[in-house]
1. May I ask you to list the residues in region B:120-150 that are within 16 Å of the ligand (Cβ to nearest atom) and closer than 19 Å to residue B:187 by Cβ?
2. For region B:124-155: of the residues being of a type in the set (A, V, I, L, M) and farther than 22 Å from residue B:183 by Cα, which is surrounded by the most Cβ atoms within 10 Å (Cβ to Cβ)?
3. For region A:54-74, enumerate the residues that are out of contact with any strand residue (DSSP E or B) (no Cβ under 7 Å at 6 or more places or on another chain), of a type in the set (A, V, I, L, M, F, W, C) and either open to solvent by less than 20 Å² (accessible area, probe 1.4 Å) or touching a residue at least 24 places away in the same chain (Cβ under 8 Å) (or both).
4. When you scan region B:216-249, how many residues do you find that are within 14 Å of another protein chain (Cβ to nearest Cβ), of a type in the set (A, V, I, L, M) and closer than 14 Å to residue B:98 by Cβ?
5. With B:252, B:213, B:276, B:281 as the choices, which residue is within 13 Å of chain A (Cβ to nearest Cβ), over 30 Å from residue B:171 (Cα atoms) and at pLDDT 95 or above?
6. Show me the helices (runs of 4 or more DSSP H) entirely contained within region A:1-110 in which 1 or more residues are within 28 Å of residue B:101 (Cα to Cα) and of a type in the set (Val, Ile, Thr).
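The values are calculated or read from the model by the stated rules, or taken from the named source; none is laboratory data. Small disclaimer: the values here were computed from a predicted structure and weren't measured. Cβ coordinates were reconstructed from backbone atoms using ideal geometry, including for glycine residues, and neighbour counts include every protein chain displayed. Please note that ligands, DNA and RNA were not included when accessible areas were found on the heavy atoms of the full protein model with its side chains. Shrake-Rupley method; radii C 1.70, N 1.55, O 1.52, S 1.80 Å.
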Amino acid sequence: MALVLHDYELSADAYKARLLVSILGLDCVKVPVDVFPGRETDGAAFRAVNPRGTVPVLVDGDIVIRSPEAILAHLAARHDPSGRWLPRDAAGYAATLDWLAFAAHDLKAADEARLEEMLGLPPTVADPLGGTRRAYRILDDHLVRQSFDGLPFLVGDTPTVADIACFPAVVLSIEFGCALEEYPKLRSWTRRIRALPGFVAMPGVPEFL
Amino acid sequence: MAKTTDRAALDTWYVVGRPEDITAAAGTYRTRLLGQDLEVRPVDGGYIVREADAGGPSGDPLPVRIAYGHVWSTLGTPARDLFPIDEFAETDRRVATCGAVRVRASGLRLVENFLDMAHFPFVHTDILGAEEQPEVPKYDCEIRRDVDEVWATNCTFWQPQAAAHAEGGQMTDYTYRVATPFNVLLYKTCPSDQARMDVIALFIQPVEEDLSLAYAVVNVVDPVSTHTGIIHFQQMIFLQDRIILENQRPRLLPLSPRAETPTRADMSSIAFRRWLKEKGLRYGVFEKNEPIPSAA
Ligand SMILES: [Fe+2]
């Protein structure tokens with residue numbers, strides 16, 4: 001049975017799900033949600049699907065998942081026969097979950113900076129641009145350390161759901177005027193993600209970075 | 001920045017918001033036009049728009065029009081009423097407004113991008129253009145003195161996916177119309193009925209000289225697509241343009257021709273810039289006596 005993704009083309013969180021669905025080559029029916037300007041996510045019909053009023057929502061048979069990082073982990077656990085996207089060794093598993101949480105918490109600032117700059121939506125964090133730069137610095141420093149060990153991705157030598165979860169907040173930086181010049185490892189990492197088989201872009205993802 | 005003193009910018013109509021966003025429930029609606037803060041208040045059957053400062057609204061209510069899915073006003077005394085768009089009277093059409101998108105660029109840059117067909121294959125790849133067919137065929141362009149508008153007619157372009165419900169590519173006929181310096185429309189062949197034209201308009205609210213709110217509205221003959229599908233198609237197209245626009249330097253529009261040897265694709269840009277020059281419009285225009293910085 002095909003997956004169902006309640007989706008919004010311009011949502012960075014929904015893009016995480018679309019990207020992994022495409023990379024894993026999964027059948028997925030997309031249900032477009034009029035998030036902006038229609039605020040369909042505030043309506044009763046959508047709240048019945050997701051009381052939190054956020055996209056994406058993934059429906060996989062009887063399973064409904066409402067946060068993007070959990071969607072990624074679920075897709076990898078259930079639909080990736082290679083097992084590489086969600087490592088099962090203790091260290092790899094822990095690191096992957098750690099970076100998923102980083103994407104959900106620290107990189108939230110980037111999403112808020114983008115939505116404020118693009119659509120005028122008021123941010124819920126105090127200094128979204130400052131928070132974004134701090135998160136980028138942490139990621140860039142980590143990728144520098146990874147490169148010392150010859151590891152091109154956040155967790156190891158192959159990409160995991162951690163890379164997918166962190167990618168949109170970084171690659172869409174140009175949409176809120178946050179240049180990546182100061183984060184050279186971050187830029188080369190986005191190019192490696194771009195080169196993955198099955199990669200798809202979204203509006204705002206620059207051709208070259 | 002304070003309210004502009006540019007008469008050519010003041011004496012014309014602008015969108016100041018969408019009815020869906022200006023409701024009693026949502027509270028006082030504040031926005032900004034030409035460097036001037038505005039307050040928009042919903043009242044029975046209409047809206048009251050007034051200039052505002054930190055102390056609240058001041059001065060007489062400004063003229064208001066409700067049209068084409070938006071609320072319009074002006075800070076000056078326009079010589080003409082709001083421009084007509086006849087298709088909005090046709091009852092079998094679908095109208096979708098796409099909301100306000102902020103762009104750090106002069107509104108005039110947005111209009112010029114909207115007029116430019118040459119970028120389709122590279123910015124809207126495999127949607128509004130194909131990289132194998134980048135040619136802009138010959139078209140006509142004129143300043144229509146009777147209505148004081150710029151028109152580009154007999155435009156054609158090969159499009160892999162011309163609209164939300166298009167199935168396969170088509171040679172699309174285009175007509176472009178600049179109704180005011182900050183409001184631009186296009187008429188294009190409807191994929192489901194070649195005898196009719198879809199209308200797409202971009203209404204720009206110049207907040208500051210280099211900061212714009214862009215309101216796209218789609219008026220189409222499309223029995224197939226969902227309302228959400230129509231909005232998302234247009235939003236996707238505009239967000240692709242937005243990155244290009246935000247990275248153009250200078251952010252304001254120079255009025256000198258953009259290339260020493262203009263190509264056919266530049267004809268509408270040349271007519272648009274000449275028309276702005278004739279109007280004496282300065283708002284959002286790059287001063288000619290300043291050196292032009294190189295692209296960022
Ligand atoms: Fe465009």
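1. B:120, B:124, B:127, B:128, B:129, B:136
2. Of region B:124-155, the ones of a type in the set (A, V, I, L, M) are B:127-128, B:130, B:136, B:143, B:147, B:150, B:152.
In the following step, the residues that additionally are farther than 22 Å from residue B:183 by Cα were identified as B:127, B:130, B:136.
Values: B:127: 19, B:130: 18, B:136: 21.
The qualifying residue surrounded by the most Cβ atoms within 10 Å (Cβ to Cβ) is B:136.
3. A:72, A:73 - these are the residues of region A:54-74 that are out of contact with any strand residue (DSSP E or B) (no Cβ under 7 Å at 6 or more places or on another chain), of a type in the set (A, V, I, L, M, F, W, C) and either open to solvent by less than 20 Å² (accessible area, probe 1.4 Å) or touching a residue at least 24 places away in the same chain (Cβ under 8 Å) (or both).
4. Result for region B:216-249: 8.
5. Values: B:252 fails: within 13 Å of chain A (Cβ to nearest Cβ); B:276 fails: within 13 Å of chain A (Cβ to nearest Cβ); B:281 fails: within 13 Å of chain A (Cβ to nearest Cβ).
Step by step, each of B:252, B:213, B:276, B:281 is checked, and only B:213 is within 13 Å of chain A (Cβ to nearest Cβ), over 30 Å from residue B:171 (Cα atoms) and at pLDDT 95 or above.
6. Numbers: elements: A:12-23, A:44-49, A:68-79, A:90-105.
Correct list: A:44-49.
Conditions (1) open to solvent by less than 60 Å² (accessible area, probe 1.4 Å); (2) in contact with a helix residue (DSSP H, G or I) (Cβ under 7 Å, 6 or more places away or on another chain); (3) in contact (Cβ under 8 Å) with a residue 40 or more places away in the chain, marked per residue:
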site: A:93; (1), (2), (3): no, no, no
site: A:103; (1), (2), (3): yes, yes, yes
site: A:136; (1), (2), (3): yes, yes, yes
site: A:147; (1), (2), (3): yes, yes, no
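This table checks each residue for (1) touching a Gly at 6+ places or on another chain (Cβ under 7 Å); (2) crowded, with 22+ Cβ neighbours inside 10 Å; (3) free of Cβ contacts under 8 Å to residues at least 24 places away in the same chain.
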site	(1), (2), (3)
B:196	no, no, no
B:206	yes, yes, no
B:214	no, yes, no
B:223	no, no, no
B:226	no, no, yes
B:243	yes, no, yes
